[in-house]
């Protein structure tokens, strides 16, 4: 296997830049540039040079495989963080035989291939790198710790035991099989199905934690929606005017509330518009509001436009508290803190239901397993006893669950997963 190298830190000027090398020639590459290899896992000050020219004075650390991130010999070079230094060191590595620049995500892909991570942990690593909020960080850390892998191992154990019992009844069909065999199989299949059902109920919440919640601000024209958006955003994100119907399109502002990623949507005022462009804006406002996770309605004189469809948890609050003395005002800030607290409480409550299945791929695999287990129970306990078919259903469920962690049948998704990684990770 080739030895790969890449920057492990972002481009640009910095105090330190890190270059990572992984593969069978990692140690010899360090020796070629520095003339020495320090003790394992010990920072060593080295002078990196090429053709007698000093490239940099750096710190080098060696992680011998298999006790490394990739499971291979790994070397890290901690350089001075100037672009010219980085460029010179990468060029020198590129001239060494057997070394090449890493592809995006190739270090993590090798960690997966060498059993250092399962696929769910690799995905979680990408989410951890991209995390912008504390909730996203906590969710990624949970999966990085091996939560999903442990769950799959538990489910697999139950299904393997159930499958062994089913195959025993097939192999010894003429023998008296103990009656408790059927009850044990039923208990194990039911336990896995119940666990999967609980995890599936948390998929939507987990996706929202990762991708962010959408909160739509609705109301009549001149209810103060854009002013409120600007107050929440802390900047002039939307144009405000005394002229009704100023907002025609949906304006989005991404921010963090209570550790959660939230996209606020400022929408056109809801009314029976005459202007055709404004009518389009009202239609878009209602469509985006219907798809949002939460709706904040600014009610003028307690009036909620009839076209707005509310859902449980939505918040209706009085508009223009600077005039009425009650409700919320983006102009003065009155009631804004209370509104933010209410929004945060609703979204935090929903985020608490997040499970370990965070991606569409996870959901589909769990649903395939659920369907197979339901079929197995039907074949075992339905009108006709088809133990042989039930056994194959259990195998199908096993394969679906093992695909969650990359044990089987995921070659077609690996390129998609790792293409999203940055080079050097």
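For the stretch 304-317: of the residues being assigned to a strand (DSSP E or B) and in contact with a helix residue (DSSP H, G or I) (Cβ under 9 Å, 6 or more places away or on another chain), which is nearest to residue 227 (Cα to Cα)?
Among those that are assigned to a strand (DSSP E or B) and in contact with a helix residue (DSSP H, G or I) (Cβ under 9 Å, 6 or more places away or on another chain), it is 317.
Taking the condition within 22 Å of residue 230 (Cα to Cα) and buried (at least 20 other Cβ atoms within 10 Å of the Cβ), does residue 321 pass?
Answer is yes for this residue.
Is the stretch 318-341 home to any residue that is assigned to a strand (DSSP E or B) and free of Cβ contacts under 8 Å to residues at least 24 places away in the same chain?
Yes, because at least one residue in the stretch 318-341 is assigned to a strand (DSSP E or B) and free of Cβ contacts under 8 Å to residues at least 24 places away in the same chain.
So which of 248, 208, 254 ends up being at pLDDT below 90 and in a helix (DSSP H, G or I)?
Only one candidate passes the filter, namely 208.
Quick test for you: out of 118, 56, pick the one residue that is out of contact with any strand residue (DSSP E or B) (no Cβ under 9 Å at 6 or more places or on another chain) and either in contact (Cβ under 8 Å) with a residue 24 or more places away in the chain or surrounded by fewer than 22 Cβ atoms within 10 Å (Cβ to Cβ) (or both).
Every option except 118 fails the conditions.
If a residue must be closer than 15 Å to residue 339 by Cβ and out of contact with any strand residue (DSSP E or B) (no Cβ under 8 Å at 6 or more places or on another chain), how many such residues does the stretch 252-272 contain?
Matching residues across the stretch 252-272 total 2.
Could you check the stretch 34-53 and list, in sequence order, the residues that are loosely packed, with under 15 Cβ neighbours inside 10 Å, out of contact with any strand residue (DSSP E or B) (no Cβ under 7 Å at 6 or more places or on another chain) and farther than 23 Å from residue 69 by Cβ?
Passing the criteria: 35, 51, 52, 53.
The values are calculated or read from the model by the stated rules, or taken from the named source; none is laboratory data. On a predicted model such as this, the values are computed, not experimentally measured, just so you know. As a convention, Cβ positions derive from the backbone with ideal geometry for all residues, glycine included, and neighbour counts pool all protein chains shown.
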